[in-house]
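Step one of this worksheet: look at the structure below.
The values are calculated or read from the model by the stated rules, or taken from the named source; none is laboratory data. All values derive from a computational prediction rather than experimental measurement. As a convention, Cβ positions derive from the backbone with ideal geometry for all residues, glycine included, and neighbour counts pool all protein chains shown. Just so you know, the surface numbers come from the protein's heavy atoms only, side chains and all, with ligands and any DNA or RNA stripped out. Shrake-Rupley method; radii C 1.70, N 1.55, O 1.52, S 1.80 Å.
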Amino acid sequence: MKAKVENTELEILNAAKEVFQEKGMAGSRMQEIADKARINKSMLHYYYRSKQLLFEAVFKNAFRLLAPQLNRVLNDDTELFDKIRNFTNNYISFVIQHPYLPNFVIQELNKNPDFIGKLRTEKDFPRIEKFKAQVEDAITRGIIKPIRAEQLFINIISLNILPFIAAPLLQGLINITEKEYRELMESRKTEVADFIINSIRL
């Protein structure tokens, strides 16, 4: 019985993820999600009383896939340059496998910025305190140019995220196939890290 309940809930979440990705929170309907999960609407409401609760469950699941990847690298003991390389490699590898995630997370956070407050209570929510301390230490030791850790973090995030959330536009602008674009994303695992490191290295 427990396995059946868990399986039904997983089917609901997978169906809801597809519908929310395609139509967003506002454009989605519970009946459509129930149909995709192959259950009736009453059963859907048994598991999730409202569309908002279902959306939050889907969103948290999506964020829980991504957040530990970021947090693990930010808080390990590797030196700063290796940390930048590992962050870029891990993030791009992960998003290539889950290409819907950056758009889904950013799009919905823009619509509901207060939701970030709920996410911050998650145990794996990315923390940058250790990263900030490493940046300050590297500046003090004359390894990198003076830069605010927050600015460096935004630079890293931006260069990693933009090619995925703007993929159709960039693919069209540089006039390459989807396969070629994917190969370009693979090469960015090293390109982005090298670019950032060279920009701050003394």
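Among the residues making up the range 158-176, those that are assigned to a helix (DSSP H, G or I) and open to solvent by 40 Å² or more (accessible area, probe 1.4 Å) are Ser158, Leu159, Leu162, Ile165, Pro168, Leu169, Leu170, Gln171, Gly172, Leu173, Ile174.
Regarding Pro113, is this residue touching a Phe, Trp or Tyr at 6+ places or on another chain (Cβ under 8 Å), open to solvent by 70 Å² or more (accessible area, probe 1.4 Å) and not charged (D, E, K, R)? Here the answer is no, as Pro113 does not meet what is asked. Residue pairs whose Cβ atoms lie under 8 Å apart, separated by 6 or more positions or on different chains, with the first residue in the range 95-110 and over 16 Å from Phe55 (Cα atoms) and open to solvent by 10 Å² or more (accessible area, probe 1.4 Å) and the second modelled with pLDDT of 75 or more and assigned to a helix (DSSP H, G or I), are Ile96/Arg182; Ile96/Met185; Ile96/Glu186; His98/Leu65; His98/Leu66; Pro99/Phe164; Pro99/Ala167. Which count do you get for residues in the range 34-52 that are among the polar types (S, T, N, Q) and either open to solvent by less than 50 Å² (accessible area, probe 1.4 Å) or touching a Ser or Thr at 6+ places or on another chain (Cβ under 6 Å) (or both)? Number satisfying all stated conditions: 1. Only a single item in (1) assigned to a helix (DSSP H, G or I); (2) touching a helix residue (DSSP H, G or I) at 6+ places or on another chain (Cβ under 9 Å); (3) within 27 Å of Glu191 (Cα to Cα) is not met by Arg127, and it is number (1).
So is Asn61 in a helix (DSSP H, G or I), under 16 Å from Ser158 (Cα atoms) and either open to solvent by 40 Å² or more (accessible area, probe 1.4 Å) or touching a Cys at 6+ places or on another chain (Cβ under 7 Å) (or both) or not?
When the stated conditions are applied, Asn61 does not pass them.
May I ask you to verify whether Glu136 is in contact with a helix residue (DSSP H, G or I) (Cβ under 8 Å, 6 or more places away or on another chain), part of a loop (DSSP other than H, G, I, E, B) and surrounded by 13 or more Cβ atoms within 10 Å (Cβ to Cβ)? No.
Checking Glu11, Glu6, Glu22 one by one, the residue that is open to solvent by 50 Å² or more (accessible area, probe 1.4 Å), assigned to a helix (DSSP H, G or I) and modelled with pLDDT of 90 or more is Glu11 and no other. Checked against (1) loosely packed, with under 13 Cβ neighbours inside 10 Å; (2) assigned to a loop (DSSP other than H, G, I, E, B); (3) aliphatic (A, V, I, L, M), Ile154 passes all but condition (2). Could you list all residues from the range 141-183 that are within 15 Å of Gln97 (Cα to Cα) and within 19 Å of the chain's Cα centre (by Cα)? Within the range 141-183, Asn160, Ile161, Pro163, Phe164, Ile165, Ala167, Arg182 qualify.
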